Amino acid sequence: MVKYFIVGCILLVTILLAGCVQQEQIQSYPVVSPEETSKPVQESESSPEELVNESKNETISHTPLPTTSPIITPEPTTPVQVPTPDPNLAFQELVITKLDLIQEGKKAVLDTWNAGDALAAQTHINELRQRIRNNNDASTFPKKMDYVRLQYYDLIDRMIQFTDNFDQAAILRNKGESGSSNSYVSAGIMAGDRADISDKKIRVFLNEHPKLL
């Protein structure tokens, strides 16, 4: 009987201690009134619509205004008039150039020959032959220039005789046969003089007929 009494006392003390502990825990928590719990929390003073408007305003203020450049209308360009080449002048320049080349070669042969240098004369003879070969075609001359064509062919023939005779004379002189070379020199000079006559006829005709074409 005493045993049960002691167990009951212990249980009663345990219950009382547990109640005291629970009461202290409840008092330690802050009491929140129903009004405070129902009050909404305001995170910012501005509404979402105001924030959007402010963001738009800042974007507009920082965006540079587009600059408009004036439209320039290009002025019409006037085509450059290229002068048509004068066929008469072009033909004269062509023929005179050919004549000058041949005359320069002929002069070089005579100068070296008269200086007594047969070897140098032979070199110039070969150069003159090449010039004649490169300029011996008059088939492209216009039909109205038939006179020039005939005189030009005559000049080419005479210059071929000139080079052939002086070439033979140079060969003989280089062999020490100067006496035998004299006849070739005379024939060469005669052919060169006749070539000069044809050359002069061509130049006079071109000068007298500047607008024949």
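Could you check the simple spin-label distance between GLU93 and VAL204, using points 7 Å along Cα→Cβ, in nm with one decimal?
Going by the 7 Å Cα→Cβ label model, 2.7 nm.
So, in nm, how far is label LEU212 from label ASP137 when the simple model puts each one 7 Å beyond its Cα toward the Cβ?
The answer from the label model is 2.2 nm.
Positive end of the charge dipole of region 90-143 (Lys, Arg +1 and Asp, Glu -1 on Cβ, about the Cα centre): tell me which of PHE141, ASN114, ILE125 has its Cα farthest that way.
Toward the positive end, the furthest listed residue is PHE141.
Could you give me the ³J(HN,Hα) list for region 163-175, computed from phi with Karplus coefficients 6.51, -1.76, 1.60 and θ = phi - 60°, whole Hz, x at Gly and Pro?
5, 5, 5, 6, 5, 5, 5, 5, 4, 5, 5, 5, 8
Could you give the length gained by full extension between LYS144 and ILE189, i.e. 0.36 nm per residue of separation minus their alpha carbon distance, to one decimal place? Walk me through the numbers before you get to the answer.
Values: separation 45, 0.36 × 45 = 16.20 nm, distance 3.20 nm.
Result: 13.0 nm gained on full extension.
Please list PHE166, PHE205 from largest to smallest accessible area, probe radius 1.4 Å, with all protein chains kept in place.
Details: PHE166 0, PHE205 35 Å².
So, going from the largest accessible area down, we get PHE205, PHE166.
The values are calculated or read from the model by the stated rules, or taken from the named source; none is laboratory data. What you see is a predicted model; the values in this text were computed from it and never measured. Methodologically, a virtual Cβ is constructed for each residue, glycine included, from the backbone with ideal geometry; neighbour enumeration extends over all protein chains shown. Heads up: the accessible areas ignore ligands, DNA and RNA and are worked out on the full protein's heavy atoms, side chains in. Shrake-Rupley method; radii C 1.70, N 1.55, O 1.52, S 1.80 Å.
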